[in-house]
Amino acid sequence: MTYIIGDINKQYGLQMTYMQAWRSKEYAVQVLRGNLSESNEKLPNYFYMLVLTNPMSVVSLKKIEEDLFMYAFVALHPSIKGWQYCKPVIVVDGTFLNSAYRGTLLIASTQDSAGNILPLAYAIVDLENNASWEWFFARFKDAFGEREGMCIVSDMHEGIENAEATLYPQVPHCVCIWHIWNNVKKITKKTICYSKTFFAMAKACTVEKFDYHMAEVEKIDKRVKDYLMNVGAQGW
């Protein structure tokens, strides 16, 4: 709010309290974007128009009451069509939403042959848990099916692992090395010593090279080796 208070004072010479600035901002957002509650009520109409203007898209809305939705899923047809020309690798993750109604955004994406990111599908759910991820993967499978050589990459969230085991039992589940690296940084402060070794190990193409770098890790901090072995090298 400080930038609003500063701008008003600079342009008009007026002094605003923090609460006045906050109420002004909320009013301006509502004028520009409309009322959030009323916007949610229009979600079924939005989904109808989304499919009307993007035929063969897959959308789904799960309600808990007549006027309340629990889950919402969108996979646009261009993404569904583009999936067959991309690598058979799906990266999934979830992130918190900071709106008035909170919730969590789940998203799946992939890469094309040039390394460009293609968003495949997204969903708004209440929480990131077993139920929401299973619902997401069920809708995702309806839209994209299953491909030969396909694998799913994510962090180590239990809900993702359980949902994938249920909906994609034959598809390998791999763990994102960036999430592993962030967990390593929580274990030890010697990250400068690990950085080069860790990523060399993650990119190792032979068991011999992997074991060599893992031995270097053990010399610095055995706790990190124990954690990495617990993750399972086959899943990196």
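The values are calculated or read from the model by the stated rules, or taken from the named source; none is laboratory data. Owing to the predicted nature of the structure, the values given are computational and were not obtained by experimental measurement. In this analysis, Cβ positions are derived from the backbone assuming ideal geometry, glycine residues included, and neighbour counts consider all displayed protein chains. When the accessible area is computed, the model is the full protein with side chains, heavy atoms only, and any ligands, DNA or RNA have been set aside. Shrake-Rupley method; radii C 1.70, N 1.55, O 1.52, S 1.80 Å.
For the reader, a short list of remarks on this structure follows.
- Pairs from the table (25/63; 87/225; 189/225) lying more than 26 angstrom apart at Cα are 25/63; 87/225.
- Computed over segment 162-225: relative contact order in percent, which uses C-alpha pairs under 8 Å that are six or more apart: 26
- Average projection, convex hull of the Cα set of segment 100-141: 3.7 square nanometres.
- Net charge contributed by nearby residues that have their C-beta within less than 9 Å of residue 159 (K/R +1, D/E -1): -4
- With contacts taken as Cα pairs under 8 Å at a separation of at least 6 residues, segment 84-236 carries a relative contact order of 16 percent.
- In a reduced charge model with +1 at each Lys and Arg Cβ and -1 at each Asp and Glu Cβ, the chain shows a dipole moment near 880 debye about its Cα centre.
- In the calculated pair-distance distribution of the chain, the portion above 32 angstrom amounts to 41 percent of the Cα-Cα pairs.
- A Gaussian network model of the chain, with springs between Cα atoms under 10 Å, assigns the largest mean-square fluctuation among 78, 169, 88 to 169.
- In plain terms, the chain is cut at each of the trypsin sites (Lys or Arg not before Pro) found in a DSSP loop with at most 10 other Cβ atoms within 10 Å, and the longest leftover piece is 1-101.
- Accessible area per residue for the chain, computed on protein heavy atoms with a 1.4 Å probe, is 63 Å².
- Within the full protein context, the accessible area of residue 70 is estimated at about 50 Å² for a probe radius of 1.4 Å.
- Residue among 124, 140, 82 farthest towards the positive dipole end of segment 73-169, charges placed on Cβ: 82
- Sequence-distant residues sharing a close amide H with residue 63 (under 5 Å, placed H): 70
- Ligands, DNA and RNA left out, the accessible area of segment 110-236 computed with a 1.4 Å probe is 54% carbon and sulfur.
- Simple rule: put +1 on each Lys or Arg Cβ and -1 on each Asp or Glu Cβ in the chain, find the dipole, and look at 19, 163, 72; the Cα lying farthest toward the positive end is 19.
- From its DSSP helices (H runs of at least four residues, each -39,500 (n - 2.57)), the chain gives a residue-normalised ellipticity at 222 nm of -15500 deg cm²/dmol.
- Entry note, segment 22-148: relative contact order of 19 percent, from Cα contacts under 8 Å with a spacing of 6+ residues.
- Across segment 1-89, counting alpha-carbon atoms alone, Rg and Dmax equal 20.8, 59 Å.
- Using the Cβ of residue 70 as centre and a radius below 11 Å, the other residues enclosed give a net charge of 0, where K and R count +1 and D and E count -1.
- Principal semi-axes in Å for segment 133-221 [√(5λ), Cα gyration tensor, largest first]: 32, 16, 9
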